[in-house]
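Below: the structure, in structure tokens.
The values are calculated or read from the model by the stated rules, or taken from the named source; none is laboratory data. This structure is a prediction, so every number in the text was calculated from the model and none was measured. Note: ideal-geometry Cβ built from the backbone for every residue, glycine included; neighbour counts use all protein chains shown. The accessibility values were calculated without ligands, DNA or RNA, using every heavy atom of the protein model including side chains. Shrake-Rupley method; radii C 1.70, N 1.55, O 1.52, S 1.80 Å.
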Amino acid sequence: MSSGPLVTPDPRVASRHPGTPGTGFRADIQGLRAVAVVVVILEHVLGWPAGGFVGVDVFFVISGFLITSLLLKEHDRTGRVSFADFYRRRVRRIMPMAVLVLVCTYVASSLLFLGDRFRSTAWDALWAGLFASNWRFASVGTDYWQTDGPVSPLRHYWSLSVEEQFYLVWPLLLVLVLHAAVRWGRAGSASQWATGAVLGAVVVGSIVFALWEVGHRPTVAYFSTFSRAWELGVGALLAVATPLLARIPAPARPAYQWLGLTGLAVSLFTVSAQTPFPVPGAILSVISAALVIAGGVGGQRLMFPLTNRAARYVGDISYSLYLWHFPLFVLIGAALPAGRHTVPILTLGGTALLSVLSYHLVEDPIRRSSWLEGRRTATPRRRTRTTLIRRAAGLTALAATVAVVATVTVRTPSPEVAAHPVAITSQDQLEAQIRTALDVAEWPVLTPPPGKLDRLVFTDGDGRGCRPAVPDGNDCAVTAPRPRRLAVVVGDSIGAAWLPLVRAALEPAGWVVRDLTYAGCPFLAADTVSPIDDITRSCPGHRETVRTLVTKLEPELVVVSNAYHQRFTKAGQRASLTEWEQATRTARERWLAAAGRIVALQPPPVGLDPRTCITRLSAPPDCISTLSQEDQSYGRVDRRVWSARGSWHIATADWFCVSERCPIFVGGVVVRRDRNHVTAEYARKLAPLLEEALVPVLAD
């Protein structure tokens, strides 16, 4: 980074490029920051308002406006822009708090999380520290098995990464445009129009790309810098257009701001997690934020909801509030898995307290200091202050290092060692083991080790779907000669998770078991929506392939199992129980008519995720879940659908629960790898019960 002038000073600059009005302190923008951070925190912690996450989009617009205003103001004043000064300011503004929260989160995670989850958080911290976490979360989010996994306490750093990546490029592009305008003798309004044209191209290009990416890679689009650049670009366009915005008649300015606030409020309740994002989902919130900012350019800004002292103070500490709230929410939730009401209260209180302290003790003093400035530019008083800050930062870093080393090397006892599970031979024996698990107060040794649950994957390509509908799926064709006793398993990831059970029960008796499952694609006669867009597109073709194979092969036995809770495209949201029943009944009657016998395996009851619940601070009672009324309702309908002639329903709730209480392990074996997929170890443990349940089916 050079500290020299990036644009050669020109005497024509001062006279031809008018100053940009409205670049001083904006109380209304500080209040807009407050609104943005409050709605983000409420949505994360309380789940309300549903569209609260659009506060991040408001931040992007504000950031683009303020940063570009500062760059233009520097260029107007000096005829040049210094990269070195710009990035020094960014480091002072961003790094101290970002690093402090990263270190604290890392240390707390090492004290709380086990194995893979702690290692995953450590990697998240590294990527966040490099301002590249958005790309890490984009790549992880495209993995079906991570879509409902434990939430990273550092996931919110993605937006910070997007901003800093944008500011690696935008200052250089702005300087090049201004430099070209000066060289061509077109400073002043001409350079303003040239900058606006370049920015307009960036905004339009980013929106077009976002539209494509939302349609093809929606998870990546949400985190992508290229799909989000237009939001920062809109703010930058406002900064370039301030001379024009200053001409807005004074009586009309409040109308702009009230219209913007109204639009923002509407977006909070009309946008949801199902809205395609960032285009078109963020358009209303971005336009609304732009209206608020535009209405405050060049005039009095006494809009009470935004300019009162409370709103301004919340805006002052908004950066600290944003950084602290999400780690606290995730970490407190992991430490108190049963604290449904306690977790939000502690999160909100802790966020407020830590944010106030860190703002006044760390963020604001360092931002105002001469840290990273040359010795010649710092006054003796500022040098003393900077020296104190450096010493404090050094001591903090040393303490953090000691804490990290201690937490990594001195481990508290944890259920990490695999045990040899005790086999079961009857439902009575299993019930006794479940009752024992419900009564224990300390963790026994468990298998698979809780700290390695994130590494569990299906074996032999299970759940990958069938080619050619799924390009990287399995070859599902059965080669000649056809097996004498053929069983096929169909369904989504729930069916794939049951495969070890089906194989353990049937293969010793001479059956050949074929996997026709596709994770994320239930075997239902309806258009369904998966968390992964590629699966949604491939699912209809996979179902057609399975239907053709069943009709052609006429297997003696079809085992089907799907997750109960599905999203249908025609509804746009979770399907109703009636819709699910009809889709299941149609699949049985029309798609499986050629099968000899059909067995529907009830999915495991949804419970607490062991990757989140089993921590260094939790105990077995903290991880006991209750059989939900919704699961019981689906179970009754499931039984009704599969009670027709030629099909059987095998209830499995008693394999997991007693008196509607369900432990997270049974007989030393973790029962689920996440909230609803049975572990392979527990599935094989249940094989004698499935063999017993199949006796009347196969004897009929």
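Observations
- Residues in segment 29-48 reached by a label modelled at GLU630 [backbone nitrogen below 19 Å; 7 Å Cα→Cβ]: 44-48
- Span from the segment 75-111 Cα centroid across to the segment 205-244 one, whole angstrom: 23
- Free-standing Cys, the chain [no other Cys Cβ under 4.7 Å]: CYS104
- Stokes-Einstein diffusion of the chain at 4 °C, 1.567 mPa s viscosity, Kirkwood radius from Cα pairs, rounded to a whole number: 46 µm²/s.
- Taking amide H positions as modeled 1.01 Å from N, with prolines and chain starts lacking one, the residues under 5 Å from THR447 and 5 or more places away or on another chain are ALA419, VAL669, VAL670.
- Accessible carbon and sulfur surface of the chain relative to its total accessible area, %, 1.4 Å: 61
- Relative contact order of the chain, defined on C-alpha pairs under 8 angstrom at six or more residues apart (%): 15
- Dimensionless Rg/Rh of segment 471-596 - Kirkwood Rh, Rg from C-alpha atoms: 0.97
- In this structure, GLU660 and ASP460 have a Cβ-Cβ separation that, at R0 = 45 Å, corresponds to a calculated FRET efficiency of about 0.80.
- Long-range amide H partners of ASP462 with built H, under 5 Å: none
- Taking a point 7 Å out from the Cα of ASP475 in the direction of its Cβ, the residues of segment 490-515 whose backbone N falls within less than 18 Å of it are 513-515.
- Note on segment 518-574: along the principal axes its Cα atoms extend 36, 20, 18 Å, ordered by decreasing extent.
- Distance between segment 548-587 and segment 502-534 - C-alpha centres, whole angstrom: 11
- Cα gyration tensor, segment 153-278 - rounded (a/c under 1.5), prolate or oblate: oblate
- Per residue, the solvent-accessible area of segment 473-555 (1.4 Å probe, heavy atoms of protein chains only, all protein chains present) comes to 37 Å².
- Between 0 and 90 degrees, the angle of helix 380-409 with respect to the longest Cα principal axis of the chain falls at about 10 degrees.
- Rounded Å value of the spacing that divides the Cα centres of segment 322-377 and segment 40-54: 18
- When the residues HIS179, HIS677, HIS360 are ordered by accessible surface, computed with a 1.4 Å probe over the protein chains alone, the sequence from largest down reads HIS360, HIS179, HIS677.
- Proximity of backbone amide H atoms, modeled 1.01 Å from N, is registered between ALA600 and VAL560, TRP648, HIS649, ILE650 at under 5 Å, excluding neighbours fewer than 5 places apart on the same chain.
- Helix-only arithmetic for the chain: the sum of -39500 (n - 2.57) across DSSP H runs with n ≥ 4, divided by the residue total, places the mean residue ellipticity at 222 nm at -18000 deg cm²/dmol.
- Across segment 580-700, Cα-Cα distances exceeding 17 Å account for 61% of all pairs.
- 18 Å cut-off, amide nitrogen to a point 7 angstrom out along GLN582 Cα→Cβ, residues in segment 501-525: 523-525
- Antiparallel content of DSSP bridges confined to the chain, in %, to 5: 30
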